[in-house]
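J.: To start, I am sharing the structure in question, which I have written as structure tokens.
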Amino acid sequence: MFDLVADVERYPEFLPLCSALKVRSREARADGAEIIVADMTVAYKLIRETFRSKVTLEKQKLWILVEYLDGPFSHMANRWTFRPIDERGCEVEFDITYEFKSRMLGFLMGTMFDVAFRRFAAAFERRADEIYKRRTV
């Protein structure tokens, strides 16, 4: 599951509302972590917003941290934590905090973002079923 979430370039293929994702930089740290800076464009009807994030991939520690750099938020951060259950499964924890810069944008998009995050979770589950069930058959 870590690899599926870490493969940010593929998000537009399966993630609802994600219309584009561009990796601006990628850096391997000496401690084994990888840092990605990416722009993600989210589109819904007439609303289209792009935001830049720094993504820290810690495969050895089984977590991914996403820190907001630029866009429509005053702040946004999320963290994925993966806990193996057995050799075929894991528990995934996802925490997110965000606040829009503009009260009006927050009013317009706040409810949509809550719904979108639930749709994102379902999309990741479907993607995992497609990829990992195919490998075990």
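The values are calculated or read from the model by the stated rules, or taken from the named source; none is laboratory data. This one's a predicted model, so the numbers in the text were calculated from it and none came from an experiment. Heads up, the Cβs are rebuilt from the backbone with ideal geometry, glycines too, and the neighbour counts pull from every protein chain shown. Side chains included, ligands, DNA and RNA excluded: accessible areas come from the protein's heavy atoms. Shrake-Rupley method; radii C 1.70, N 1.55, O 1.52, S 1.80 Å.
J.: I'd like the carbon and sulfur percentage of the solvent accessible area for the chain, probe radius 1.4 Å, heavy atoms only, ligands and nucleic acids excluded.
T.: Solvent-exposed carbon and sulfur of the chain make up 52 percent of the total.
J.: Using Kirkwood radius over Cα pairs in Å as the read-out, say which of [x] 17.4; [y] 15.9; [z] 15.5 was calculated from these coordinates.
T.: [y]
J.: Could I ask something else about it? Determine which lysines satisfy two conditions relative to Lys133: a Cα distance under 26 Å, and not lying fewer than 8 residues away in the same chain.
T.: Those lysines meeting the cut-off are Lys59, Lys61.
J.: Another question, then. For the chain, what is the calculated [θ] at 222 nm in deg cm²/dmol (nearest 500), taking -39500 (n - 2.57) for each run of four or more DSSP H residues and dividing by its residue count?
T.: Computed ellipticity for the chain at 222 nm equals -10000 deg cm²/dmol.
J.: Give the residue from Leu57, Phe100, Ile47 lying farthest towards the positive end of the charge dipole for the chain; charges sit on Cβ (+1 for Lys and Arg, -1 for Asp and Glu) and the dipole is referred to the Cα centre.
T.: So the residue we want is Ile47.
J.: Once both axes come from the Cα atoms, what is the angle between helix 103-136 and the longest principal axis of the chain, in degrees from 0 to 90, rounded to 10?
T.: 20 degrees
J.: So, for the chain, what is the accessible surface per residue at a probe of 1.4 Å, expressed in square angstrom?
T.: 63 Å²
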